[in-house]
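*Asks:* So that we are looking at the same thing, I have put the structure below in structure tokens.
The values are calculated or read from the model by the stated rules, or taken from the named source; none is laboratory data. All values reported here derive from a predicted model rather than from experimental measurement. Here the Cβ positions follow ideal geometry from the backbone for every residue, glycine too, while neighbour counts run over all protein chains shown.
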Amino acid sequence: MRLATSPLIWAVLATVLGVPIVLAAFSPQLEWRDPIYITAGFAGIFTLGLLLVQPALIAGFLPGLSAYRARRVHHWIGGAVVLLIIVHVAGLWITSPPDMIDALTFTSPTPFSPFGVIAMWAIFAVAVLAFFRRRLGLRTWRIVHMSLAAVIVIVIGSAAHAMLIEGTMETMSKAALCALVLAAAVKVMAEVWARQKKTRPMRSSSGGTSSSS
């Protein structure tokens, strides 16, 4: 049964990620945009799609990948997300520096700007802390990583940023993608926190046993 459903799962993921991109590519709003602006916009769209893949990898939703390989892919996609964000911001800066200055200084009148900027800094923070995860320890790293992921995706993150933009993405496909990103992130974070609660009593009880002996 698992082998039978594997192609279906990958096909559904490809559809969920591909449909918004294809519809955006045929948006009439692209007609008068220059290539740099279009590249920056699609970098943001690809980033949103990868934010769905990331929790799916950690949760083991994607068949055919071992836990080790899924973690490795998760790390590489994290790097790709950082690069896409840089392309997104750099392209928008080139096409309209005043708008980007307003966004980065939280003085922009557009409601989507602060969500995107805070999510951007949270993504950069995750990337920097990833280099120190061994020093932080697994438990501390998970807590910090999940907290920043909540900022990126749920609290004030990319989904809100995307939904508030009236741009090239088609509304229904964008809403569906954002909903799936939120659902996957919530499920993974709930599982991680539940796992932390289970391991905490086990550690404390084992520590008590060793001290009494």
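*Asks:* Give me a count of the residues in the stretch 154-172 that are at pLDDT 80 or above and in a loop (DSSP other than H, G, I, E, B).
*Replies:* 6
*Asks:* Read through the list (1) at pLDDT below 90; (2) within 19 Å of residue 123 (Cβ to Cβ), then give the number of the only condition that residue 90 fails.
*Replies:* The failed condition is (1).
*Asks:* I need the full set of residues from the stretch 88-113 which are of a type in the set (A, V, I, L, M), closer than 30 Å to residue 58 by Cα and surrounded by fewer than 18 Cβ atoms within 10 Å (Cβ to Cβ), in order please.
*Replies:* 90
*Asks:* List every residue pair whose Cβ atoms lie under 8 Å apart, where the two residues are 6 or more positions apart in sequence or sit on different chains, the first residue falls within the stretch 5-20 and is in contact (Cβ under 8 Å) with a residue 40 or more places away in the chain and closer than 17 Å to residue 48 by Cβ, and the second residue, located anywhere, is part of a helix (DSSP H, G or I) and among the β-branched types (Val, Ile, Thr).
*Replies:* Taking only residues 6 or more apart or on different chains, the pairs are 13/53; 17/53; 20/45.
*Asks:* Separate question: Looking only at the stretch 50-95, which residues are assigned to a helix (DSSP H, G or I) and of a type in the set (Gly, Ala, Ser)?
*Replies:* Listed by number, the residues that qualify are 56, 59, 67, 70, 78, 79, 80, 90, 91.
*Asks:* Between 106, 115, 124, which is part of a loop (DSSP other than H, G, I, E, B), among the aromatic types (Phe, Trp, Tyr) and either on the phi > 0 side of the Ramachandran plot or modelled with pLDDT of 70 or more (or both)?
*Replies:* Within the list 106, 115, 124, the selection yields 106.
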